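J.: Structure incoming, see below.
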Amino acid sequence: MNYRNNYLRILIFLMLFMQTSSATMDYFLTYYIPIESELDINSMDKDGIRLYKAISYTYYSEPESAISSITQKYIINTPHKEKEADYMRNYNINLAYIKGLNVELIDYGSSECKVVMDSSKVISDYSVKELEKILKYVKKATKLNMKEHKINCAFKEIKAFSVVETLALPKALNLEKSAFPLLEEYSSGIEGVPFIYNNFYPLGYNSDGKFAYIKEYDTDPADMVLIRTFVQDLVTDKILWEDEFKFEGDISTIGFKDFWVSKSALISKKIKEYGIKPFKNIKFEPNSYRYNNNFYSLDAMSKSTFRKDWDMEFLDSSTIMLSAKGKGSKVIDTQHYKKSYLLARRAIGFIPLGGNDRIAVVVANVQRGWEGPPHNLSYDIVGASLKVGFK
């Protein structure tokens, strides 16, 4: 019996220290992962992170496993039965286990082989600074794994745009307070859910009429998160730059903060390129706006066609008007539609751009709901000059 136990100990010992360069077989794989140093009372790492040598059992011993395993969940357990130890039971300690982070070995065995660490699609709850610190240790661990397993390949890192300063987490503008009463005739009548509506986040503007904002779409009933960022020219109303964040799957695990952590560096970079300054105090002026002792108001006209198959009217065209007493009025936006599902389109108010004579007008759209009420409420931005064009 002792002979057999000694044999098993020797066998396990040999398996633990075999290198991944050996033939494919059942294997105990060792590799480094970044963990919180607080888990080790002897660690004095100033970053609060250290590299930990993990052991996993695998059916494959190729070098690919030693590289890709770094981003896998690594669960620890505890033999203690006390309630104080419950929080450590089935606890993941691997800081590299982040959605969207990918580390892989490509073309191993050829002269073109490389290890690629790609963090450009990362989604997490970490702040930008926290994420950058963790990725620094993921890089260290990856290079150490390459050395330990004798993987003599090039290393390449792909990451999102990095900037020193990023914008603060934006807040949604409460446009519903103005939109709901103006569009009450299209309300569902369901308490608490008059409309299914998108969220709108103004980011900033510049003196030339460039305006940056975010739309967070209500994608019900699809199981998807969809958020788009825009830079719009309020002179021509053309979209100068657009970026999309999309996640399909368990949306209960993803929110606006995840989008912001993933995209804030890129958005900050683009806003800087267009010379856009973030809003300090965002204001929304419903219905009317005063500028240089003139009071400006909004109006909307539309044409609709009744469609028998839906037993309701849908918009064929929409015109938004801007007026001021003593100055006259002008058309600031006209849209034509072919077989749209829009029930209404109304201008609901103004977003002032500092003291600029150009304004951002918010237009609310009501589109028929997928299965009828509650209908979908979304927002468009239309630029307008407060000085010229009035008749």
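J.: Where does each of 344-357, 201-214, 277-290 land if you order them by average Cβ count within 10 Å, highest first? Don't skip to the answer; put the middle values down first.
T.: On the way: 344-357: 19.6, 201-214: 21.1, 277-290: 14.5.
Result, highest mean first: 201-214, 344-357, 277-290.
J.: Hey, can you find the accessible area per residue of the stretch 94-212 for me, probe 1.4 Å, expressed in square angstrom? Display every interim value, and only then the final one.
T.: Working: 6600 Å² over 119 residues.
I get 55 Å² per residue for this part.
J.: When the accessible area of the stretch 309-351 is computed with all protein chains present and a 1.4 Å probe, what percentage of it is carbon and sulfur?
T.: Numbers: 1040 of 2160 Å².
Carbon and sulfur atoms account for 48 percent of the accessible area of the stretch 309-351.
J.: While we're here: How large a share of the accessible area of the stretch 166-210, in percent, is made up of carbon and sulfur atoms when the probe is 1.4 Å and the other protein chains stay in place? Don't skip to the end; give the middle numbers.
T.: Details: 1180 of 2450 Å².
Carbon plus sulfur share of accessible area: 48 percent.
J.: Continuing with this model, one more query. Would you work out if the stretch 177-266 is rounded, prolate or oblate? Take a ≥ b ≥ c from the square roots of the eigenvalues of the alpha-carbon gyration tensor; rounded if a/c is under 1.5, else prolate when a/b is larger than b/c, oblate otherwise.
T.: Working: a/c = 2.55, a/b = 1.20, b/c = 2.13.
Note, shape of the stretch 177-266 comes out oblate.
J.: For a Förster distance of 22 Å, can you work out the FRET efficiency between the beta-carbons of Asn152 and Thr58, rounded to the nearest 0.05? Can you show the working numbers first?
T.: Numbers: r = 22 Å, r/R0 = 0.98.
Efficiency, from the Cβ-Cβ distance: 0.55.
J.: Binning at 10 angstrom from zero up to the longest distance, how are the C-alpha pair distances of the stretch 115-251 distributed in percent?
T.: All Cα pairs, binned at 10 Å, distribute as 9, 25, 29, 20, 11, 5, 2, 0 percent.
J.: Now a separate question. Any idea of the accessible area per residue across the stretch 290-391, 1.4 Å probe, to the nearest Å²? Walk me through the intermediate numbers first.
T.: Numbers: 5270 Å² over 102 residues.
It amounts to 52 Å² per residue over the stretch 290-391.
J.: A follow-up question, please. Along the stretch 168-176, what does the Karplus equation 6.51 cos²θ - 1.76 cosθ + 1.60 (θ = phi - 60°) give for ³J(HN,Hα), rounded to whole Hz, x for Gly and Pro?
T.: 6, 4, x, 10, 6, 7, 7, 7, 5
J.: Sticking with this one: If eta is 1.567 mPa s and T is 4 °C, what Stokes-Einstein diffusion coefficient results for the stretch 226-267, Kirkwood Rh from Cα pairs, in µm²/s? Don't skip to the end; give the middle numbers.
T.: Values: Rh = 11.7 Å.
Estimated via Stokes-Einstein, D reaches 111 µm²/s.
J.: Now a separate question. Between Lys283 and Ser252, what is the spin-label point distance in nm, taking each point 7 Å from the Cα along the Cα→C-beta axis?
T.: So the two model labels end up 4.3 nm from each other.
J.: Another question, then. For the pairs Lys156/Lys270; Lys53/Lys73; Lys136/Lys246; Lys177/Lys283, note any where the Cα-Cα span goes beyond 23 Å. Could you put the intermediate results ahead of the total?
T.: Details: Lys156/Lys270 25 Å; Lys53/Lys73 14 Å; Lys136/Lys246 26 Å; Lys177/Lys283 13 Å.
The answer is Lys156/Lys270; Lys136/Lys246.
The values are calculated or read from the model by the stated rules, or taken from the named source; none is laboratory data. If you're wondering where the values come from, they're calculated on a predicted model, not measured in any experiment. Every residue, glycine among them, receives a Cβ derived from its backbone with ideal geometry; neighbour counts consider all protein chains shown. These accessible areas exclude ligands, DNA and RNA; they are computed on the full protein's heavy atoms, side chains included. Shrake-Rupley method; radii C 1.70, N 1.55, O 1.52, S 1.80 Å.
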